[in-house]
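The structure under discussion appears below in the form of structure tokens.
The values are calculated or read from the model by the stated rules, or taken from the named source; none is laboratory data. Fair warning: this is a prediction, and the values are worked out from it, not measured in the lab. When we count neighbours, we look across all protein chains shown, and the Cβ atoms used for this are built from the backbone with ideal geometry, even at glycine. Accessible surface areas use protein heavy atoms only, side chains included; no ligands, DNA or RNA. Shrake-Rupley method; radii C 1.70, N 1.55, O 1.52, S 1.80 Å.
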Amino acid sequence: MSRFFTTGSDSESESSLSGEELVTKPVSGNYGKPPLLLSEDEEDTKRVVRSAKDKRFEELTNLIRTIRNAMKIRDVTKCLEEFELLGKAYGKAKSIVDKEGVPRFYVRILADLEDYLNELWEDKEGKKKMNKNNAKALSTLRQKIRKYNRDFESHITNYKQNPEQSADEDAEKNEEDSEGSSDEDEDEDGVSGTAFLKKKPEPSGESRKFHKKIEDDDEDSEDSEDEEWDTSSTSSDSDSEEEEGKQTVLASKFLKKAPTTEEDKKAAEKKREDKAKKKHDRKSKRLDEEEEDNEGGEWERVRGGVPLVKEKPKMFAKGTEITHAVVIKKLNEILQVRGKKGTDRATQIELLQLLVQIASENNLGVGVIVKIKFNIIASLYDYNPNLATYMKPEMWQMCLDCINELMDTLVAHSNIFVGENILEESENLHNFDQPLRVRGCILTLVERMDEEFTKIMQNTDPHSQEYVEHLKDEAQVCAIIERVQRYLEEKGTTEEICQIYLRRILHTYYKFDYKAHQRQLTPPEGSSKSEQDQAENEGEDSAVLMERLCKYIYAKDRTDRIRTCAILCHIYHHALHSRWYQARDLMLMSHLQDNIQHADPPVQILYNRTMVQLGICAFRQGLTKDAHNALLDIQSSGRAKELLGQGLLLRSLQERNQEQEKVERRRQVPFHLHINLELLECVYLVSAMLLEIPYMAAHESDARRRMISKQFHHQLRVGERQPLLGPPESMREHVVAASKAMKMGDWKTCHSFIINEKMNGKVWDLFPEADKVRTMLVRKIQEESLRTYLFTYSSVYDSISMETLSDMFELDLPTVHSIISKMIINEELMASLDQPTQTVVMHRTEPTAQQNLALQLAEKLGSLVENNERVFDHKQGTYGGYFRDQKDGYRKNEGYMRRGGYRQQQSQTAY
């Protein structure tokens with residue numbers, strides 16, 4: 001009933017209204033009770049003393065709220081992310097759930113989410129309208145929730161049998177937890193204020209005090225409410241109660257009702273007395289607990305955000321005598337927890353370093369120190385549990401320092417013997433009368449160090465300054481390898497020496513020796529003796545070093561893999577320094593090309609890199625045919641980037657799963673070892689151009705003309721299909737334009753397309769001796785353009801002067817004479833040389849265009865007749881008969897084991 005219909009006067013209604021405003025101001029979300037005001041200290045205390053159960057369950061409810069919001073807006077991707085977080089949070093709260101039971105709100109969200117996903121899955125139209133991410137997330141989440149709900153089948157079944165009761169319980173729990181409901185509600189509804197958390201364990205100490213204080217404040221507020229209800233027997237108070245009920249419609253069933261009869265008043269009075277008694281009992285109990293807590297002194301109030309200072313762990317109890325046995329026992333204790341779940345690897349490394357300090361302070365000898373340092377380095381390698389994860393910079397630097405310190409100790413004390421074959425029972429760590437024996441392998445540590453360095457370089461952005469900083473560490477890595485090499489040359493076995501030699505080779509073979517190159521270019525007469533001595537003292541040339549290391553491996557190694565890698569690196573180094581004939585002979589003598597397909601992928605990548613470098617070396621020497629043959633397999637596959645270990649193709653182009661992709665990424669070569677793919681393709685295309693254009697001109701009318709390079713022909717066809725031909729921009733367009741010019745015999749235009757500022761910057765300036773390469777290219781273009789000109793226009797001339805050809809192509813007369821003589825000898829050009837007049841006399845033996853067409857027609861008719869006879873024989877069943885061959889007369893039908901017959905086999909022999 002509204003206050004405008006009360007029987008009292010206006011002043012009475014106004015006074016009742018003003019009283020109502022002062023006493024009962026309903027606040028949204030906190031009905032029927034004044035807000036609880038806390039001081040700053042009390043708020044801090046509340047944050048500190050919250051139990052683990054409160055925190056875990058609140059985390060779950062927050063995630064559930066986010067999932068429900070995402071369900072409302074059909075954001076399945078968000079549901080998937082939050083569900084994964086929810087599963088992790090539930091796993092953290094597993095110990096609490098085992099004690100208290102599975103919360104009903106958790107069962108409810110699992111059931112609701114599964115129903116929601118099934119609804120979306122059955123909605124075919126809705127699925128079509130979903131974006132790609134939501135559709136993928138729907139499929140993934142549906143599978144996960146079905147698998148996850150198998151552990152909660154009984155709970156979900158109970159919930160689905162009585163969903164209304166569960167929903168009411170959850171609503172009461174959430175409402176009472178957020179509002180802090182009164183004890184009277186607890187008596188009436190049977191649900192406590194913390195029922196949301198189910199059977200909440202009783203807090204102890206300060207947390208008990210704090211919760212008791214909140215409960216007392218609640219009771220005070222409830223008492224004040226009861227007094228208000230006692231004075232609300234008048235009509236104005238009942239009206240104001242009705243108005244309050246109107247303002248809080250959603251929570252009306254939780255609010256108290258004014259007593260209307262005498263019995264209700266007596267019952268309310270009795271409840272107040274009971275409450276006052278309970279309140280008094282609780283206060284007295286709280287005072288007793290405070291006294292106990294003050295005596296015990298277990299709880300201490302701390303301020304949030306202040307970091308706690310951790311004391312260093314004590315290795316040994318105070319007064320313990322530090323001996324070898326005690327230190328070794330402590331070392332074994334530390335190593336026993338290595339690799340176990342929950343072990344802090346950083347703390348383990350700190351403990352081992354502290355143990356080294358204790359051993360050195362107590363003069364326990366270098367044997368114990370060496371053993372502990374071996375374990376420190378091994379712990380550094382095991383710091384990252386994932387194989388693909390690389391070391392952090394500080395860990396990497398610590399690892400290098402530890403290995404250097406270990407090598408200093410081993411070199412300084414020659415009486416220490418280390419090795420994997422030494423058993424722990426036979427170790428000698430403290431008896432200095434005999435040689436010290438320590439179990440451990442320095443070679444294994446160095447190999448792991450080298451692998452970690454490779455991983456660091458693989459996982460660093462090659463175009464950043466960070467990569468350059470990491471690359472500077474290679475000097476330290478190489479220095480450590482050299483130290484271990486000298487150490488093992490004195491004390492190591494043959495197998496260990498071969499392995500460390502291979503590590504040294506792998507850090508040397510790809511580097512161009514500029515100092516040795518300069519010494520070759522500089523004549524010894526022009527430099528003083530002191531400069532020569534200084535050059536000699538700088539160190540041995542890389543060629544001499546590679547020769548010495550590789551020959552030792554060739555002679556002593558018993559494993560094929562190390563020898564194969566050494567041969568390939570040796571060939572690569574020869575080719576890199578333009579020693580073509582040594583590199584070629586070593587490749588042919590090794591016969592690696594026959595069985596390289598049986599090697600493991602890293603060795604195959606090294607083989608591909610060596611063949612590519614061999615082809616580039618042949619190109620620099622002007623051997624275009626050898627260069628083309630060496631690069632043919634890599635370039636014709638279209639997968640040069642992947643075959644050289646310099647990147648992966650798109651995943652859609654090749655079937656491989658994530659694990660295979662991770663393995664292949666670990667095989668990738670670091671960026672500073674890469675070969676320029678554009679330079680490689682340019683060398684291949686230019687070599688193909690110098691071979692293909694004269695061949696095409698010589699066999700222009702030959703129907704059986706074969707292709708030397710399919711990739712080159714593909715680029716020519718792409719260029720011909722372009723509707724508009726502008727100036728070339730890319731490297732491929734330059735080569736295609738140069739090919740067209742060479743086909744016309746215009747060597748100057750061809751030269752301008754191949755050698756210009758743009759091509760110099762992209763390709764030719766990258767060679768060590770760029771000027772020599774450019775000079776060689778010009779010479780090759782002139783010679784091949786001359787051959788192409790003679791093939792193309794020989795039918796036009798009766799005779800042509802060699803001097804004219806010399807002037808036209810700017811070649812000296814002996815070179816022109818040599819080229820024409822070779823063409824005549826090889827029967828490529830039907831002509832003869834007139835020596836006195838220095839002219840080339842053409843012989844009209846080449847068929848005309850009409851004759852060429854007639855020959856082609858005759859050949860096609862012959863093949864048609866042959867096919868007709870083959871079909872006839874097949875129908876008659878005479879497989880062993882004879883048929884007429886166009887060239888060789890009658891041949892027995894022996895080549896019909898597969899489709900295409902003898903003619904197909906014969907045509908294949910031309911390749």
task: Mind ranking 589, 802 by accessible surface for me, highest first, 1.4 Å probe?
output: 589, 802
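Could you put 674, 628 in order of accessible surface area, largest first, with the 1.4 Å probe and the full protein assembly present? Could the numbers behind the result be given before it?
On the way: 674 65, 628 5 Å².
If we order 674, 628 from most to least accessible, we get 674, 628.
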- prompt: Expressed as a whole percentage, what fraction of the accessible surface of the stretch 821-873 belongs to carbon and sulfur atoms when a 1.4 Å probe is rolled over the protein heavy atoms?
  reply: 62
- prompt: Is the shape of the stretch 736-872 rounded, prolate or oblate, going by the alpha carbon gyration tensor and its root eigenvalues a ≥ b ≥ c, with a/c under 1.5 for rounded and a/b larger than b/c for prolate?
  reply: oblate
query: Leaving out ligands, DNA and RNA but keeping every protein chain, what accessible area does residue 592 have, in Å² rounded to the nearest 10, with a 1.4 Å probe?
result: 10
query: How much accessible surface area, in Å² rounded to 10, belongs to the heavy atoms of residue 793 with a 1.4 Å probe?
result: 60
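If you stretched the chain out fully between residue 152 and residue 353, how much longer would it get, using 0.36 nm times the residue separation minus the C-alpha to C-alpha distance? All intermediate terms of the calculation are to be shown ahead of the outcome.
Values: separation 201, 0.36 × 201 = 72.36 nm, distance 4.83 nm.
Additional length available on full extension: 67.5 nm.
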query: Once fully extended, how much extra length lies between residue 344 and residue 667, figured as 0.36 nm per residue of separation less the alpha-carbon to alpha-carbon distance?
result: 113.3 nm
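Which order do 503, 656 take by accessible area at a 1.4 Å probe, largest first?
On the way: 503 50, 656 25 Å².
The most accessible residue leads, giving 503, 656.
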query: By its C-alpha gyration tensor, with a ≥ b ≥ c as the square roots of the eigenvalues, how is the stretch 558-661 shaped: rounded for a/c under 1.5, else prolate for a/b larger than b/c, else oblate?
result: oblate
message: With a 1.4 Å probe and all protein chains kept in place, how much accessible area does residue 828 have, in Å² rounded to the nearest 10?
response: 80
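Using a 10 Å cut-off on Cβ atoms, rank the peptides 776-783, 733-740, 565-572, 422-429 from the highest mean neighbour count down. Please list the in-between numbers first.
Values: 776-783: 18.2, 733-740: 22.1, 565-572: 24.5, 422-429: 12.9.
Packing order, densest peptide first, comes out as 565-572, 733-740, 776-783, 422-429.
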- request: Mind jotting down the distance between the C-alpha centroids of the stretch 601-660 and the stretch 366-416, whole Å?
  value: 37
- prompt: Could you give the accessible area per residue of the stretch 444-492, probe 1.4 Å, as a whole number in Å²?
  reply: 47
Protein accessible area in the stretch 752-813, 1.4 Å probe - carbon and sulfur %: 48
query: What is the stretch 653-695 by shape, rounded, prolate or oblate, if you read a ≥ b ≥ c off the alpha carbon gyration tensor as root eigenvalues and call it rounded for a/c under 1.5, prolate for a/b larger than b/c, and oblate otherwise?
result: oblate
statement: Amide H neighbours of residue 831 at under 5 Å, excluding residues fewer than 5 places away on the same chain, with H built from the backbone geometry, are 843
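For the stretch 586-655, which whole percent of the accessible surface, found with a 1.4 angstrom probe, sits on carbon and sulfur atoms?
On the way: 1770 of 3360 Å².
It is 53 percent, rounded to a whole number.
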task: Provide the net charge surrounding residue 517, with neighbours chosen by a C-beta distance below 11 Å and charges set as Lys +1, Arg +1, Asp -1, Glu -1.
output: -1
